[in-house]
1. Go through segment 38-87 residue by residue and tally those that are farther than 23 Å from Glu24 by Cα, in contact with a Gly (Cβ under 7 Å, 6 or more places away or on another chain) and among the aliphatic types (A, V, I, L, M).
2. Please determine, by comparing only the residues of segment 167-203 that are touching a Lys or Arg at 6+ places or on another chain (Cβ under 9 Å) and of a type in the set (A, V, I, L, M), which one is farthest from Tyr41 (Cα to Cα).
3. Starting from segment 60-79, keep only residues that are within 19 Å of Val42 (Cβ to Cβ), then list their pairs with residues that are charged (D, E, K, R) whose Cβ atoms are within a distance under 6 Å, requiring at least 6 positions of separation or different chains.
4. Considering each residue of segment 184-195, count those that are surrounded by 15 or more Cβ atoms within 10 Å (Cβ to Cβ), of a type outside the set (Ser, Thr, Tyr) and out of contact with any Ser or Thr (no Cβ under 9 Å at 6 or more places or on another chain), and give that number.
5. Show the residue pairs that are 6+ apart or on different chains and have beta-carbon atoms under 7 Å apart, the first residue being within segment 108-126 and under 16 Å from Asp84 (Cβ atoms) and modelled with pLDDT under 95, the second being surrounded by 12 or more Cβ atoms within 10 Å (Cβ to Cβ) and not acidic (Asp, Glu).
6. Restricting attention to segment 87-103, which residues are closer than 27 Å to Pro214 by Cβ, touching a helix residue (DSSP H, G or I) at 6+ places or on another chain (Cβ under 9 Å) and not hydroxyl-bearing (Ser, Thr, Tyr)?
7. Name every residue in segment 21-55 that is closer than 23 Å to Asp166 by Cα and within 17 Å of the chain's Cα centre (by Cα), in order of residue number.
8. Tell me, please, whether a residue that is in contact (Cβ under 8 Å) with a residue 60 or more places away in the chain, farther than 17 Å from Asp104 by Cα and of a type in the set (Ser, Thr, Tyr) can be found in segment 161-180.
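The values are calculated or read from the model by the stated rules, or taken from the named source; none is laboratory data. Since we're looking at a predicted model, the values are computed, not measured. Positions of Cβ are backbone-derived with ideal geometry, glycine not excepted, and every protein chain shown enters the neighbour counts.
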Amino acid sequence: MISRLKQELASALSEVSHQQIQDEEYAHMKYPRLVPLMDFYVDRYRIEDFGHLMVMHTKTRMGMELLTMSFMPDGFTLPYLLIDAMTMKKKRCVFVEYYGCDHDDLTEEKMKEVYEKHKDLPDYEEKPNWYIKERRPYSLIKTGEEQELIDMTKDSIHAYLSSIKDAKQDPAYKEKLKAFRDRMIKEGNPSSKTLEMLLKEEGAIRFMREAVMPFSE
């Protein structure tokens, strides 16, 4: 499923103007370094009239694969989009999470349409955490058959990227996004423990600021 999701992302990216960021520091990380049990492959992009995208593909020796896509608007009026996909043996789930920082006038109609299309897929039961209540109501936290989850993710990415042309810059929203990033760092996020294990505390903070949720100054 993960390889197919990467193909769908590449197809969607071909429809917007973007440039890959050359980043040797984060391109391939291992844990532990000597006898790795986990490999992290990171790709980063600048998307014109939007902001940044980070894609991290995690492979483990235990058979688990993870794919994280972090779409960070640089003050443009789109919600922050975080997609996490996981497979392990017969277990599959995809989180399509939208965060809007309670800002008015976001460009989100197409994402709402995708929610209506896929909302009846089985919900994935997750552990309580502070950021859950911060999500936009059209987020999709789902499990189910592989093709259903691929279709849901594909539709979500295309709806999001095709909304870029309708978004506008809003400095006030950018400040709200920065504050939300600070909360993700201080209060914890789904990748906190893994990143601290891999990069230690200061390295994990820098990775969040420079790669996962960056802004232009």
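1. So the count comes out to 0.
2. Ranking the qualifying residues of segment 167-203, first place goes to Ile185.
3. From segment 60-79, the pairs are Glu65/Lys59; Thr68/Asp84.
4. 2
5. Once the first residue is under 16 Å from Asp84 (Cβ atoms) and modelled with pLDDT under 95 and sits in segment 108-126, its partners that are surrounded by 12 or more Cβ atoms within 10 Å (Cβ to Cβ) and not acidic (Asp, Glu) give Glu126/Ile141.
6. Passing the criteria: Cys93, Val94, Val96, Glu97, Gly100, Cys101, Asp102, His103.
7. Within segment 21-55, Tyr45, Arg46, Ile47, Phe50, Gly51, His52, Leu53, Met54 qualify.
8. Checking segment 161-180: at least one residue is in contact (Cβ under 8 Å) with a residue 60 or more places away in the chain, farther than 17 Å from Asp104 by Cα and of a type in the set (Ser, Thr, Tyr).
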